[in-house]
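Structure first, then comments.
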Amino acid sequence: MKRLTHTDESERTWRELAARLDAHGEWFCTTRSDSAPVPLRKGEWELSAAHGRVHLSYWTERGTRTWRVLAWEWTDERLRLDVARRMGAERTTLELVPRASVRAGIEAVRAARLRLCEQLAALACESLTGAQVERVRLSAGARRREPGRYARIVLRRGRELIAVTGAVVEARAGDADALLTSALIWWTRLQRQTRFAGLRKLWLVVSHELVETFGQRVALLRAEVRRDIVLYERDETWQTLTTTSAPDLSELLSVVPRVLRPVHEGLSDTAARIVALAPAAIDVVRARYGETLRFHGLAFARVRRTLGREHVWFGTGARRLLTEENWPDLAKLLDELNTHRAPDAPDRRHALYAAAPEAWLESLLRRNITRLDPGLILAPLHAQFRPAQKTSASARPVDLLALRRDGRLAVIELKVAEDAMLALQGADYWRRVEVHRRAGHIARTRLFGALEIADESPLVYLVAPVFRFHRAFQTLARMIAPEIELYRFDLNEDWRAGVNVVRRTRAN
């Protein structure tokens, strides 16, 4: 990278950067901390040089950003800038890509993925004597013009039609719910088309790393759905397919899980001092290494105890170590949260209002779970129930775990935006909690104090605002095994002002 080490270099750097930027009418700008690129058109950025420094300013949804350029390079049709602001307290790397280069890159990615689709189709034909390829496509992308991630293949053998799908990108265990949900939706839509009326079978092709995870998900489906699904393992070179079997649900529930870690009750002195500043809005989530303090669900401080001393880091973005000298800064942050993260906030597009909406809903239900169901009792320990060690397959904990007055557990999964994976995620959380219930771990860790837990499988409450359930939710929920009791809870759209259940129905 070319570093700006002398003030007399700023004018030359400004001219070179201005020439690069002006050569294209539109750029995509990304930083390390922001995964979503910011589109910038001519006139939406400003490059200036003054007092031996070069500054780049541009507009984002969070307001104007102004960075001092420390170093830069042009490579592979990308402009990379090492930048800083706030007197050097915040540093990052900006990467600007011309829109034309982005389009070319997208088309190259699409072509590469289509080649893998065709390779998978040929491989599937070799595995089924007499089969021919009826159709090969790529799934729709998450955004317009974005190439999809999954192969969409239909094979024909005589009058028999078979749907074949698999990821044509690198997929991890955490992607299993998305892949299977997408496959089930596509499969059911094909069956509704007259052209594919005879289609029954669905082949799921996964890598070796995903076989176990997919087997667990398929086991959660109804018997009549499982009968038509065949799980295949492909090798790393995409040369062979091997049939593999999914376990039965009873087999899945017989696994002995790791013992749950008990969560310690009681607040640290520092956490209690901070909570006292806004007790109606701040809650505490305990973890193995300390406490996370949240304002209506938005994490703004973390307390950690090391070598017998408590340390606190605060901030909703870059975090700072809390000292007695900067307590006023913490109070100022809480004032901002109180203004902008409130049901009647003046600007609903403000970052503090829009951030972590599901955690906001969760925090409201923690304070009064009876708003969801008058018969529920929340675990006295305010900690998200983690049914498994944090791995790529199970990074998210269950949102809420509650106990009904009849002693039956309730697994509660919350969404505030459409998510096709809701039904499958809820079923998988049920599986993990049920394994621990059968092993007696939940009773032994006394998550619900002295209350008795009934010898019955948990219920699953799937909760979202009334217009935020995915249009395929009911189709997917009906595919879940009836042993897993799913209930749909429709909430009022203005739930931030107070949670009300509009409708409750059995989903499967």
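The values are calculated or read from the model by the stated rules, or taken from the named source; none is laboratory data. Nothing here was measured: the structure is a model prediction, and the numbers come from that model. Cβ placement follows ideal geometry from the backbone for every residue including glycine, while neighbour counts extend to all protein chains displayed.
Going by the structure shown, is Gly25 small (Gly, Ala, Ser) and either under 22 Å from Ala318 (Cβ atoms) or at pLDDT 90 or above (or both)?
No: the conditions fail for Gly25.
Please identify the pairs in which a residue from the stretch 434-457 that is closer than 23 Å to Glu483 by Cβ has its Cβ atom under 6 Å from the Cβ atom of a residue that is of a type in the set (S, T, N, Q), counting only partners at least 6 apart or on another chain.
Close Cβ pairs (under 6 Å, with a partner that is of a type in the set (S, T, N, Q)) amount to Glu434/Ser457.
Looking only at the stretch 295-317, count how many residues are in contact with a Ser or Thr (Cβ under 6 Å, 6 or more places away or on another chain) and charged (D, E, K, R).
So the answer is 2.
Does the stretch 484-508 hold any residues that are part of a loop (DSSP other than H, G, I, E, B) and closer than 20 Å to Leu184 by Cα, and which are they?
Of everything in the stretch 484-508, those that are part of a loop (DSSP other than H, G, I, E, B) and closer than 20 Å to Leu184 by Cα turn out to be Ile484, Ala507, Asn508.
Return yes or no: is Thr181 touching a helix residue (DSSP H, G or I) at 6+ places or on another chain (Cβ under 6 Å), modelled with pLDDT of 95 or more and more than 19 Å from Thr244 (Cα to Cα)?
Against the criterion (touching a helix residue (DSSP H, G or I) at 6+ places or on another chain (Cβ under 6 Å), modelled with pLDDT of 95 or more and more than 19 Å from Thr244 (Cα to Cα)), Thr181 qualifies.
Could you give me the residue pairs with C-beta distances under 8 Å whose first residue belongs to the stretch 476-488 and is of a type in the set (Phe, Trp, Tyr), whose second residue is in a loop (DSSP other than H, G, I, E, B) wherever it lies, and which are 6+ apart or on separate chains?
Correct list of pairs: Tyr487/Ala507.
Are any residues in the stretch 213-231 assigned to a helix (DSSP H, G or I) and surrounded by fewer than 16 Cβ atoms within 10 Å (Cβ to Cβ), and if so, which ones?
Ala223, Glu224
Might you check whether a residue that is in contact (Cβ under 8 Å) with a residue 60 or more places away in the chain and surrounded by 15 or more Cβ atoms within 10 Å (Cβ to Cβ) occurs anywhere in the stretch 318-338? Even if it seems obvious, please write down each step before you answer.
So in the stretch 318-338, the residues in contact (Cβ under 8 Å) with a residue 60 or more places away in the chain come out as 318, 338.
Checking which are surrounded by 15 or more Cβ atoms within 10 Å (Cβ to Cβ) leaves us with 338.
Looking through the stretch 318-338, at least one residue is in contact (Cβ under 8 Å) with a residue 60 or more places away in the chain and surrounded by 15 or more Cβ atoms within 10 Å (Cβ to Cβ).
Please determine whether any residue of the stretch 91-99 is over 28 Å from Gly148 (Cα atoms) and more than 35 Å from the chain's Cα centre (by Cα). Quick ask: steps written out before the conclusion?
Filtering the stretch 91-99 for residues over 28 Å from Gly148 (Cα atoms) gives 91-93.
If we keep only those that are more than 35 Å from the chain's Cα centre (by Cα) as well, we get none.
No: the stretch 91-99 contains no residue that is over 28 Å from Gly148 (Cα atoms) and more than 35 Å from the chain's Cα centre (by Cα).
Based on this model, can you work out whether Leu123 counts as crowded, with 19+ Cβ neighbours inside 10 Å, out of contact with any helix residue (DSSP H, G or I) (no Cβ under 8 Å at 6 or more places or on another chain) and not assigned by TED's automatic domain parsing to the domain that holds Ile480?
Yes, satisfied.
Among the numbered criteria (1) closer than 30 Å to Ala342 by Cβ; (2) surrounded by fewer than 20 Cβ atoms within 10 Å (Cβ to Cβ); (3) touching a helix residue (DSSP H, G or I) at 6+ places or on another chain (Cβ under 8 Å); (4) among the charged types (D, E, K, R), which single criterion is violated by Asp494?
(3)
Quick one: Ala71 ticks every box in (1) in contact (Cβ under 8 Å) with a residue 40 or more places away in the chain; (2) part of a helix (DSSP H, G or I) bar one, so which box is it?
(2)
Conditions (1) on the phi > 0 side of the Ramachandran plot; (2) in contact (Cβ under 8 Å) with a residue 60 or more places away in the chain, marked per residue:
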residue	(1), (2)
Leu123	no, yes
Gln132	no, no
Gly141	no, no
Gly158	yes, no
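Where in the stretch 341-460 are there strands (runs of 3 or more DSSP E), lying wholly inside it, with at least 2 residues that are modelled with pLDDT of 90 or more and under 22 Å from the mean Cα position of the chain (by Cα)?
Passing ranges, in order: 400-404, 409-414.
Of the residues Arg12, Arg103, which single one is basic (Lys, Arg), farther than 24 Å from Glu146 by Cβ and surrounded by fewer than 17 Cβ atoms within 10 Å (Cβ to Cβ)?
Working: Arg103 fails: farther than 24 Å from Glu146 by Cβ.
Result: Arg12 is the single residue among Arg12, Arg103 that is basic (Lys, Arg), farther than 24 Å from Glu146 by Cβ and surrounded by fewer than 17 Cβ atoms within 10 Å (Cβ to Cβ).
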